[in-house]
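The values are calculated or read from the model by the stated rules, or taken from the named source; none is laboratory data. Predicted model, so just to flag it, every value in this text is computed and none were measured. Reconstructed Cβ throughout: ideal geometry from the backbone, glycine too, with neighbour counts over all protein chains shown. Heavy atoms of the whole protein, side chains included, go into the accessibility calculation; ligands, DNA and RNA do not. Shrake-Rupley method; radii C 1.70, N 1.55, O 1.52, S 1.80 Å.
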Amino acid sequence: MTHDECIDRVCRFATLLRAAGGVMAGPSIAMIRSPRTLAVILLWLVAVWPLALMALGWLDPVVGVRVAGVATRGAGWLLWGACVVGALATFLYPPFVPGLRLRMQNARRRLGTPDKPVRDAYARLEQLETVNDQFAVGRFLRESGQPAAAVQHLLRAVQLEAGHTNARYQLALAYRDANNAQAAADELQRVLAADPQLASGQPFLDLAELLERARMHAPADAVLTQYRRLHGDTRVALVLHARALAGLGRRDASVQLLRQAAAPPAPGVRISPADAHARARARVAMWFGGFR
C-alpha cells in the first residue's frame, strides 16, 4: 500500500467517525450534561474500540494484531486486578460493599431521571422565567455534578419565591457540592426553621455533617439531638452523633451510640443502603475502640 493510499483510507475513516458521532450526538443544550448522556457516550466509546482495531488492521495488519494482543492482555490484567482488590476490600473493609450499593443506588436514580422535561424547562426559560422551571433545571444540574451552574438557577428560584423550601434545600446542597460550607449551612438552617419535616429530616443530617467537617461538635450535637427526637434513631444519625460526642470528649456516650449503630438488624428487617453503610462504618470504628 502506497503512502497516498494510506492517507486516503485514514481520511475516509475519520469522515465516517465524524458522521457517526454527529448522528449519535443529537440535539444538545448548553450547561446540561446528564449522567445518562455520559453513560451513552461511554458505551459508544466501547463500541467504537473494535472498529478502531479493525481500521488499524486494515491500514497495517501486523500493527493491528500487536495492538489487539496488548489490549486484550491489558484488559485481562485489569479485570483480575479489580477482582483481587474487590475481594480484599470486601473481607478487610466492611463499608466497601454497602458503600458500593449506595453509589449504585444513586447512579440508578440519576440515570433513571428523564432528560426531556428538564430540557423543555430550559427552553421555556428563554421565553418566560418561572420558579418551577428554574428549580427543575437547577436540581438537574446539581444531580449531574455541576454545582456552580446549579447555584445560579436555584438562587434565582429562591429569589422568585422565598418560601420555596425545596428550592432552598437544593440550593444548600449545591453550595455544599461547590465547597461553600458556610453558605450551605446558612441555607440549611433556613430550611429547618421553615419545615423541620422536609425530606424526612435529611437537612438535619446534612447540616450536622457540615458542622462536623468544620469541627463544630457542640452545634452538631444540638442538631442531631433534635433530629433524633423528631425522626428517631437511624444508623446514619447515630454514627454522626457518636462522632460529635467523641469530639466533645464524651467517649463513653459515643461508644454506646456506635454499639447501637453496629448492632445487626432484627430478623426479616431490611435496612436502607445508607444505614447499611453507616452500620459498617460503626463496626470499623468499634475495632479501634470508637472515634478519637
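Key figures
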item: Cβ-Cβ under 6 Å pairs, at least 6 apart or on other chains, the stretch 221-243 side farther than 10 Å from Glu209 by Cα, far side of a type outside the set (Gly, Ala, Ser) and open to solvent by 60 Å² or more (accessible area, probe 1.4 Å); result: Leu238/Gln260; Val239/Arg281
item: Qualifying residue in the stretch 264-277 (condition: of a type in the set (Val, Ile, Thr) and surrounded by 21 or more Cβ atoms within 10 Å (Cβ to Cβ)); result: no
item: Output for the stretch 170-185, where each listed residue is open to solvent by 20 Å² or more (accessible area, probe 1.4 Å), touching a residue at least 12 places away in the same chain (Cβ under 8 Å) and part of a helix (DSSP H, G or I); result: Tyr175, Arg176, Asp177, Ala181
item: Selection within the stretch 91-119 - open to solvent by 60 Å² or more (accessible area, probe 1.4 Å), under 24 Å from Gln152 (Cα atoms) and assigned to a helix (DSSP H, G or I); result: Arg109, Arg110, Leu111, Lys116, Pro117
item: Where Ala214 falls short, out of the listed (1) under 24 Å from Asn180 (Cβ atoms); (2) out of contact with any Lys or Arg (no Cβ under 8 Å at 6 or more places or on another chain); (3) at pLDDT 95 or above; result: (3)
item: Residue within the stretch 262-270 that is aliphatic (A, V, I, L, M), part of a helix (DSSP H, G or I), modelled with pLDDT of 95 or more and under 30 Å from Ala107 (Cβ atoms) present; result: yes
item: Residue count for the stretch 131-148, restricted to those that are open to solvent by 50 Å² or more (accessible area, probe 1.4 Å) and in a loop (DSSP other than H, G, I, E, B); result: 1
item: Count of residues meeting criterion [under 14 Å from Ala282 (Cβ atoms), outside any helix (DSSP H, G or I) and either open to solvent by less than 40 Å² (accessible area, probe 1.4 Å) or basic (Lys, Arg) (or both)] in the stretch 231-240; result: 1
item: Residue that is nearest to His217 (Cα to Cα) [pool: residues in the stretch 246-263 that are in contact (Cβ under 8 Å) with a residue 24 or more places away in the chain and open to solvent by 60 Å² or more (accessible area, probe 1.4 Å)]; result: Leu248
item: Number of the condition not met by Gln105 [criteria: (1) of a type in the set (S, T, N, Q); (2) within 20 Å of the chain's Cα centre (by Cα); (3) at pLDDT below 85]; result: (3)
item: Hey, Arg243 open to solvent by 20 Å² or more (accessible area, probe 1.4 Å) and either modelled with pLDDT under 95 or touching a Pro at 6+ places or on another chain (Cβ under 9 Å) (or both) or not; result: no
item: Where a residue in the stretch 150-167 is more than 21 Å from Gln202 (Cβ to Cβ) and touching a residue at least 40 places away in the same chain (Cβ under 8 Å) and its partner, wherever it lies, is part of a helix (DSSP H, G or I) and open to solvent by 30 Å² or more (accessible area, probe 1.4 Å), with Cβ under 9 Å and at least six apart; result: none
